[in-house]
1. With (1) assigned to a helix (DSSP H, G or I); (2) closer than 30 Å to residue 31 by Cβ; (3) without any contact (Cβ under 8 Å) to a residue 24 or more places away in the chain as the list, and residue 85 as the residue in question, which single condition is left unmet?
2. Is it true that residue 62 is surrounded by fewer than 18 Cβ atoms within 10 Å (Cβ to Cβ), assigned to a helix (DSSP H, G or I), in contact with a helix residue (DSSP H, G or I) (Cβ under 7 Å, 6 or more places away or on another chain) and modelled with pLDDT of 95 or more?
3. So, in the stretch 32-59, exactly how many residues are under 20 Å from residue 83 (Cβ atoms) and loosely packed, with under 14 Cβ neighbours inside 10 Å?
4. Looking for something assigned by TED's automatic domain parsing to the domain that holds residue 54, within 30 Å of residue 136 (Cα to Cα) and free of Cβ contacts under 8 Å to residues at least 40 places away in the same chain - is there at least one such residue anywhere in the stretch 103-115?
5. How many residues does the stretch 11-59 contain that are in a strand (DSSP E or B) and without any contact (Cβ under 8 Å) to a residue 40 or more places away in the chain?
6. Across the stretch 71-90, what is the number of residues that are over 17 Å from the mean Cα position of the chain (by Cα) and surrounded by 10 or more Cβ atoms within 10 Å (Cβ to Cβ)?
């Protein structure tokens, strides 16, 4: 993995290096930039995109939000609020609203996980005892 901020006239990471650091793809980074979710980075003297620590940090946050299930429209709204200089309280409200949605989905997943675990247990018991395997 390359260092986050290489020295030289083109300081910062290339898009490929940033993708490697973040564990994502170049196409994903370009998509978030195109959608206005991630600001376009500066360019070095060579004309190539250069990602500084701030750009990489923002992209890491974007990937985290997407990983929590935040949809693209919500991500655009959050990015727009940030870029427009919305107060920390307003941005916090957006994050807390999403947090509540994540908790609700998590509770639903726990219910389904419990049902799955009971089904697995029933199958193991049936296989172990030689009884009929339960219906799907």
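The values are calculated or read from the model by the stated rules, or taken from the named source; none is laboratory data. Given the structure is predicted, the values throughout are model-derived calculations rather than measurements. Positions of Cβ are backbone-derived with ideal geometry, glycine not excepted, and every protein chain shown enters the neighbour counts.
1. Failed condition: (1).
2. Working: surrounded by fewer than 18 Cβ atoms within 10 Å (Cβ to Cβ): no; assigned to a helix (DSSP H, G or I): yes; in contact with a helix residue (DSSP H, G or I) (Cβ under 7 Å, 6 or more places away or on another chain): yes; modelled with pLDDT of 95 or more: yes.
So residue 62 fails the test.
3. Result for the stretch 32-59: 8.
4. Pass one, the stretch 103-115, residues assigned by TED's automatic domain parsing to the domain that holds residue 54: none.
Checking the stretch 103-115: not a single residue is assigned by TED's automatic domain parsing to the domain that holds residue 54, within 30 Å of residue 136 (Cα to Cα) and free of Cβ contacts under 8 Å to residues at least 40 places away in the same chain.
5. Step one: filter the stretch 11-59 for residues in a strand (DSSP E or B), giving 13, 42-43, 49-51.
Subset that is without any contact (Cβ under 8 Å) to a residue 40 or more places away in the chain: 42-43, 49, 51.
Selection size over the stretch 11-59: 4.
6. So the first thing to find is which residues in the stretch 71-90 are over 17 Å from the mean Cα position of the chain (by Cα), and the list is 80-90.
Then keep just the ones that are surrounded by 10 or more Cβ atoms within 10 Å (Cβ to Cβ); that gives 80-83, 86, 90.
Qualifying residue count for the region: 6.
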